[in-house]
């Protein structure tokens, strides 16, 4: 019915990083500082992967990365992303028995709590002072049923230790974190059980550390010209060197429908990974395309489903899981 | 003990906008599109000001403004600001009997709910399923006392209708909103009762609508050069034309201590408003300076106070209110 993409998993395993000059992507990690928290990050991750035994694991990246324009950062470039796709997908991976490493932009939406943050309601609008027990704060009756359902799922994930929340802010933190996750998975030999589901909106451009001004840019000098370098194509490195046995799903967000599929195809050809999920900014909550080198399939919500509050991720995630099963079968045999 | 600044309020009243060529600041409003919600915004504001009768009013601006780099926005430049200063100050204005118009960046911190959002705790961490009443969600015992206090203050502000939340995202939305507030206050003759407390981190640069690309910038072309124009100095316009009878407090955030006071003085001389509150990114939660043309005063928390969780806004706001009383006295007599 569908085929997992292009790359021959045996070939993937054979690819070697040795005997090659340092790639541009590797130089990035030498020329930009690693986040201070990286060793602690790696410790938590290893513990999480070990605790999750033989469970399948989805690494879901979510939210936008920032590009600081100053060393003591006041100004930065950001990518629009509330983190809805990532946070919602994470819940469906958990419901389908996966453990989830949720690498997300700090303060973007989180699985489960997303139902109550970033809404027009403020936190306190869900609360009332109890009438029967004055002095006691409780959840307003009209939110009780839904909140109980969400709370139970959240507490279950906590109890089972199946959800690891790892935050980032800058594009550099994101890239160091992603590499660390990939290398840790290989080291622990859990890589074939894993899928990378790269829903974060990662900046294509950055300001090299060497060019960052120390202090806030002053506005007295008239216009501002910001000169950014392209971020190295780390996805190539991820596929070839860091995580050749992990199934990799990337996202392509465009605003211009006429170029979406061709951009997705180009990415597949360039990076040689397994699946690109394409979406348009305008319709991303009700329609996506799954693009492999062989075929393009469209998945969308009917108007009916949309009205009932069904989420497109409820369709996306099981489809990804089917393809992950096929991939795993191939890589392991 | 201290004096309100420079400007002679009688002179302020006499200033006229008529018979002058359109200023650069006014052209900005012709060349960039007004937010669609502006008429609704003005209606809500007028109703709020009317309902608040003779109460003093603080217009607190809060959070950072964005500068979209594309018309269908994926990328934008942002200013670092969680909105802590604004959200915290708004609470102390309310406690001191003011009505508060809270013009804030969407999803930045809000008065009262700020105690529970943007924390390391997720929303659901405050909740438990009741043991005595299974199926009922309540607030965890250990958060009850503080949450009750915060909830009561929040509900009181709602009941008294003393807090109006007005969100913005882009710098253009912010500027249209600010002008609308100033002009509405003058129209309703409530301006002398008002203070503008401009804590938002407003971009100094923007991309004119005429130069915005329609679609997402493609990364295939190598480096990215972003060319931004300086935002017109709207503060001058606010002081001279839109709100000459309103006391205006601006903030100056720097990262370099050696230029903070001189930058604050320069702003006062240029815009002729009443007070600049200066702060450094690094120490902004425990120390500020109040700069007028006559003098600079420092306010800070002792280590003891900081340890007890006292907030610097508890000192800042009453100091501003004292100066507002003096200002009001002068303008009205």
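The values are calculated or read from the model by the stated rules, or taken from the named source; none is laboratory data. Predicted model only: the values in this text are computed from it and were never measured. We place every Cβ from the backbone using ideal geometry, glycine too, and count neighbours over all the protein chains shown.
Data for the structure
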{"item": "Criterion: part of a loop (DSSP other than H, G, I, E, B) and away from chain B (no Cβ under 13 Å) - qualifying residue of A:86, A:97", "result": "A:97"}
{"item": "Some residue of the range A:295-312 being exposed (fewer than 14 other Cβ atoms within 10 Å of the Cβ), in contact (Cβ under 8 Å) with a residue 40 or more places away in the chain and more than 14 Å from every other protein chain (Cβ to nearest Cβ)", "result": "yes"}
{"item": "Residue in the range B:230-251 that is surrounded by 20 or more Cβ atoms within 10 Å (Cβ to Cβ), farther than 25 Å from residue B:90 by Cα and in contact with a strand residue (DSSP E or B) (Cβ under 9 Å, 6 or more places away or on another chain) present", "result": "yes"}
{"item": "Residue in the range A:305-315 that is touching a strand residue (DSSP E or B) at 6+ places or on another chain (Cβ under 7 Å) and assigned to a helix (DSSP H, G or I) present", "result": "yes"}
{"item": "Selected residue (only one of A:284, A:237 is in contact with a helix residue (DSSP H, G or I) (Cβ under 8 Å, 6 or more places away or on another chain) and part of a helix (DSSP H, G or I))", "result": "A:237"}
{"item": "Filter result for residue B:164 (touching a helix residue (DSSP H, G or I) at 6+ places or on another chain (Cβ under 7 Å), loosely packed, with under 15 Cβ neighbours inside 10 Å and within 30 Å of residue B:26 (Cβ to Cβ))", "result": "no"}
{"item": "Residues being buried (at least 17 other Cβ atoms within 10 Å of the Cβ) and either touching a strand residue (DSSP E or B) at 6+ places or on another chain (Cβ under 9 Å) or modelled with pLDDT of 95 or more (or both) - total across the range A:262-283", "result": "14"}
{"item": "Some residue of the range A:108-124 being surrounded by 20 or more Cβ atoms within 10 Å (Cβ to Cβ), touching a strand residue (DSSP E or B) at 6+ places or on another chain (Cβ under 9 Å), at positive phi and within 12 Å of another protein chain (Cβ to nearest Cβ)", "result": "yes"}
{"item": "Residue B:117, sole failed condition from (1) free of Cβ contacts under 8 Å to residues at least 40 places away in the same chain; (2) in a helix (DSSP H, G or I)", "result": "(2)"}
{"item": "Residues within the range A:47-79 that are crowded, with 19+ Cβ neighbours inside 10 Å and either within 24 Å of residue B:79 (Cβ to Cβ) or out of contact with any helix residue (DSSP H, G or I) (no Cβ under 8 Å at 6 or more places or on another chain) (or both), tallied", "result": "16"}
{"item": "Residue pairs meeting the criteria (Cβ under 9 Å; at least 6 apart or on separate chains; first within 14 Å of chain A (Cβ to nearest Cβ) and touching a residue at least 40 places away in the same chain (Cβ under 8 Å), in the range B:243-266; second part of a strand (DSSP E or B) and surrounded by fewer than 21 Cβ atoms within 10 Å (Cβ to Cβ))", "result": "B:253/B:280"}
{"item": "Spans of strands (runs of 3 or more DSSP E) in the range A:133-225 with at least 2 residues within 12 Å of chain B (Cβ to nearest Cβ) and under 30 Å from residue A:252 (Cα atoms)", "result": "A:163-168"}
